[in-house]
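Remarks on the structure that follows.
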Amino acid sequence: MPRNSEKSRLDRLEILTALLRAGELTTTSALAAELGVSQRTIARDIELLRARDLPIDADRGRGGGLRLSRNWSIGNVHFNYREAIDVLLGLAVAERLGTTLFLTQARSVRTKLTATFAADQRDKIRLLRRRVLVGSRASDMVMSGYDAAFQCDLGLILEAFFEMKQLDLWYNDRQQARTERRVEPQYLYLNWPVWYLLAWDHLRADVHFFRLDRIRKVKPVGTGFRLRDEALFRPAIENIAESI
């Protein structure tokens, strides 16, 4: 088959797939007219798409038509790096919350996403569930000063958290005094709806918690770190309930 003919057929198959994905009942004659080919050609294309596991249903009888099965999956979905991290973190949070309603396919989704990462990143994915901690609802005192409009680049924080890389961050405390810190973003802690970063603070050489809504600026450092024992951060978690 000539190369141009192959490309023409591939282009036609892509358009045909898109037309079927539109979800409306159609016919071979309508598709043939749309694509400028014969009904026999459309019939061959339909069989080829079925052989490629696209579930195309056909209604038999006069006036019948074609459409994708209502049980058809979404097929291949491509995430960029940060989108994949967001999905993995979302799964970790859902698992920690125990929201089983949304977890029926969590293991399958995580396995498929994990397979797209380099081998040296997969251990970090396996650690995610341990590194996301969930507490009770934030107190009225905490909520009185909470600002849901984050001013920092959360993507940079989450990327450094996932990759286990140090961060420089500029932080406003409760008195609005700003300090610059170099931290290891060890754990994320949810005191709903307020998120905290539980970190090893190099300025204090100790653990410290940072409310994400009070972080004003972040800068990735690139230096890696090892996960510290969660028990080291328990006193900080206890102090969160009393913080403003």
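Bear in mind these aren't lab numbers, they're just calculated from the coordinates by the rules spelled out. Because the structure is a prediction, the values reported are computed rather than measured. Here Cβ is always computed from backbone atoms with ideal geometry, including for glycine, and neighbour counts include all displayed protein chains.
Here is how the numbers come out for the structure above:
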{"quantity": "All positions within segment 188-207 that are over 26 Å from ALA94 (Cβ atoms), surrounded by fewer than 18 Cβ atoms within 10 Å (Cβ to Cβ) and not charged (D, E, K, R)", "calculated": "HIS202, LEU203, ALA205"}
{"quantity": "Qualifying residue in segment 154-171 (condition: exposed (fewer than 12 other Cβ atoms within 10 Å of the Cβ) and either closer than 16 Å to ILE237 by Cβ or of a type in the set (S, T, N, Q) (or both))", "calculated": "no"}
{"quantity": "Looking only at segment 223-237, and only at residues there that are under 26 Å from the mean Cα position of the chain (by Cα) and under 13 Å from PRO185 (Cβ atoms), the one that is surrounded by the fewest Cβ atoms within 10 Å (Cβ to Cβ)", "calculated": "ARG226"}
